[in-house]
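Only one structure is covered here, and it is reproduced in the block below.
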Amino acid sequence: MQPGSNGQAKRRAGGSVLECRAINAGYGSFQALFDVSLEVRAGEAVAVVGPNGAGKSTLLRAMTRLIGLRSGQLTMEGKDFSQAPPHEVVSLGIAHVPEGRRLFPRLSVEDNLRMGAYLPAARARFADRLEKVYTLFPRMAERRHQLAGTMSGGEQQMCAIGRALMSGPRLLLLDEPSAGLAPLVVQAIFTLVRQLREEGYTVLIVEQNIQQVLQIVDRAYLLETGRIRESGDAATLIGSDAVRRAYLGLL
Amino acid sequence: MPTWACCEIREATVTNPFDIFLLEAVLNGILLGGLLALLALGLNLIFGVIDVVWICYAELVMVGMYGIWWLHTAQGVPLPAAMLASIGLVAVCGMLLHHYVVSPVLSAEPINQLLVTGGVLFFLQALATVIFGVEFRNVGFRMPSLNLGDMSLSGSRLLAFAVAVTAIGSTWWFLRTTYLGTAIRAISQDRSVMPLMGVNATRIYLLTSALGGGFAGLAACLLVLQYDVHPAIGLSFGPLTFLICVLGGLGNLIGGLVAAFVFAQFISVGGFFLQIEWGYVIAFVFFIAVMFWKPEGLLSRRR
């Protein structure tokens, strides 16, 4: 189904930020994504939901060029980056919080955040953004000198999101931020994502936790075995058969 | 190092643990430790960041020593300029080594990585023999020694110590406080996430290799003041450097520093009580004992 083909009104949705057109991608001889098309507009929060192994993480990895495309096109704010090397994606304004958080375990919290601001343009604004991240996550300010690997899972997730924010992104990609966390912490992370939206960040979030994530996003795509099965307004999707099936499939 | 002459005197005073020659041996050990620490620094940096052991590290030092000798004695370039040029030369060699030899086997088995860099060791030895012959060469410059009371400390060792400590301190500062240094520490912990930080991992590896080569070049500047250069000179301190890195915990810069000073004291003080060769024997016995007790090295963070 084509993105945006349903006529539902979008809250605060502006111009297109990220567009994927008919993406095919995979690992070796295994194809994980089939003709995936997806759009994220400025100010929106969009979710990609689906069961384990549907290709959700692969989709994000394709978007940040960590894996190559077999065909299809990626554009960020109208700029084609389908062939860009992965380390140039951040400079387009895309920050990716990878699956499993992937902090540098033996660097301090502050050094992890420093790595998020590695690009010259971000270095100039390091102090500003560090303060912003510490305001958003007071816990990170307390633990600034602690080694990232010694923190709890929830704290590490906060640090990973903070690290992504340090680049000053115009689009934040979150890969399974709730994975492996206790229910209460999951709740805190979802509250945080809601808060990020209110701060004006455009967010694309990948989740297995379908019911909860649909509460905090505007629109969602249902991905199943590498294909988009359904897309539309979050409120509509909660009630849809396809989502219910996918959700039950998890149980 | 005490000479035979002072050994005669020592016979009478060996019961006094605070005798001046023991102090001299300890001080000489500290000075030697600085030089060994500098040698270990480059090798450890490369292993810690890229996870590959440059078996040919000491041969890169040899390239630097030949570079200095050739520029200074054959081309008449002033010694300091020849030294700076050679540091640059070995840094470039480090980058070439990474790009053409290490990079293709980066994800290969460790044994293959050892074999290719080991191959470079023999290649460089043979190349040096072909170009310069087997003669011992020196730059014809010896620094005066410093006399403190009855003690005599070699000027070139004092200089080597000062330069090594400065280099290690600057490296520490660089790795701790700069973006590039933080990236070098980060890439050793998780290479595949680096692109998400906007970091070109290949570039960081090349820069680290240039830095490691630069340290080999710096060590060459200090060694050329104390030793003659010949095609097999790498063998006289290459294995020692490698053992120090392993003793401290391969890849651990602080471990390498500690191990260098421990090793140097064994060599120097052991050589004082017995003979210089016995100093090495004691040092290696200590190394073997540590390997039984803590195979991962004295200060290793790696499992």
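Couple of notes before you dig in:
- In the set (1) touching a residue at least 24 places away in the same chain (Cβ under 8 Å); (2) among the aromatic types (Phe, Trp, Tyr); (3) under 30 Å from A:Pro98 (Cβ atoms), the condition left unmet by B:Phe174 is number (1).
- Options A:Ala179, A:Ala127, A:Ala188, A:Ala122; residue that is over 21 Å from the mean Cα position of the chain (by Cα) and of a type in the set (Gly, Ala, Ser): A:Ala127
- Yes/no for A:Asp80 being of a type in the set (D, E, K, R) and assigned by TED's automatic domain parsing to the domain that holds A:Ala160: no
- On the stretch given as the range A:79-107, residues that are touching a residue at least 12 places away in the same chain (Cβ under 8 Å), assigned to a strand (DSSP E or B) and among the acidic types (Asp, Glu) total 0.
- Residues of the range B:192-248 satisfying the condition of being within 14 Å of chain A (Cβ to nearest Cβ) and touching a Gly at 6+ places or on another chain (Cβ under 8 Å): B:Met197
- Some residue of the range A:192-214 being buried (at least 19 other Cβ atoms within 10 Å of the Cβ), of a type outside the set (S, T, N, Q) and touching a Cys at 6+ places or on another chain (Cβ under 6 Å): no
- Test: A:Arg114 is within 14 Å of another protein chain (Cβ to nearest Cβ), in contact (Cβ under 8 Å) with a residue 40 or more places away in the chain and more than 21 Å from the chain's Cα centre (by Cα): no
- Within the range B:138-151, the set of residues being outside any loop (DSSP other than H, G, I, E, B) and surrounded by 11 or more Cβ atoms within 10 Å (Cβ to Cβ) comprises B:Leu146, B:Leu148, B:Met151.
- For the range B:228-243, the set of residues classified as more than 20 Å from B:Phe261 (Cβ to Cβ) and assigned to a helix (DSSP H, G or I) consists of B:Ile233, B:Gly234, B:Leu235, listed by residue number.
- When the residues of the range A:57-80 are filtered to those that are within 8 Å of chain B (Cβ to nearest Cβ) and farther than 17 Å from A:Ala22 by Cβ, the one that is surrounded by the fewest Cβ atoms within 10 Å (Cβ to Cβ) is A:Leu66.
Results for (1) outside the structural domain of A:Thr64 (by TED's automatic domain parsing); (2) modelled with pLDDT under 95; (3) touching a Gly at 6+ places or on another chain (Cβ under 9 Å), shown as yes or no for each residue.
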{"position": "A:Asn112", "(1), (2), (3)": "yes, no, yes"}
{"position": "A:Gly116", "(1), (2), (3)": "yes, no, yes"}
{"position": "A:Ala122", "(1), (2), (3)": "yes, yes, yes"}
{"position": "A:Glu131", "(1), (2), (3)": "yes, no, no"}
{"position": "A:Pro138", "(1), (2), (3)": "yes, yes, no"}
{"position": "A:Ser152", "(1), (2), (3)": "yes, yes, no"}
{"position": "A:Cys159", "(1), (2), (3)": "yes, no, no"}
{"position": "A:Arg163", "(1), (2), (3)": "yes, no, yes"}
{"position": "A:Pro177", "(1), (2), (3)": "no, yes, no"}
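- Where B:Val262 falls short, out of the listed (1) assigned to a helix (DSSP H, G or I); (2) more than 27 Å from B:Gly140 (Cβ to Cβ); (3) modelled with pLDDT under 90: (3)
- Near pairs, Cβ below 7 angstrom, 6+ apart or cross-chain, from the range B:265-278 (at pLDDT 80 or above and surrounded by fewer than 17 Cβ atoms within 10 Å (Cβ to Cβ)) to any residue that is assigned to a helix (DSSP H, G or I) and not β-branched (Val, Ile, Thr): B:Trp278/B:Gly270; B:Trp278/B:Gly271
- Residue match in the range A:81-94 (condition: crowded, with 16+ Cβ neighbours inside 10 Å and away from chain B (no Cβ under 14 Å)): yes
- Count - residues of the range A:117-156 that are over 20 Å from B:Asp190 (Cα atoms), in a helix (DSSP H, G or I) and within 12 Å of chain B (Cβ to nearest Cβ): 5
- Among (1) more than 14 Å from the chain's Cα centre (by Cα); (2) within 24 Å of A:Arg102 (Cα to Cα); (3) crowded, with 22+ Cβ neighbours inside 10 Å, the one test that B:Gly251 misses: (1)
- For B:Thr166: the one exception among (1) of a type in the set (Ser, Thr, Tyr); (2) more than 14 Å from every other protein chain (Cβ to nearest Cβ); (3) more than 24 Å from the chain's Cα centre (by Cα): (3)
- Taken across the range B:208-227, residues that are at pLDDT below 95, in a loop (DSSP other than H, G, I, E, B) and touching a Pro at 6+ places or on another chain (Cβ under 7 Å) do not occur at all.
The values are calculated or read from the model by the stated rules, or taken from the named source; none is laboratory data. These numbers come from a predicted model, not from an experiment. Reconstructed Cβ throughout: ideal geometry from the backbone, glycine too, with neighbour counts over all protein chains shown.
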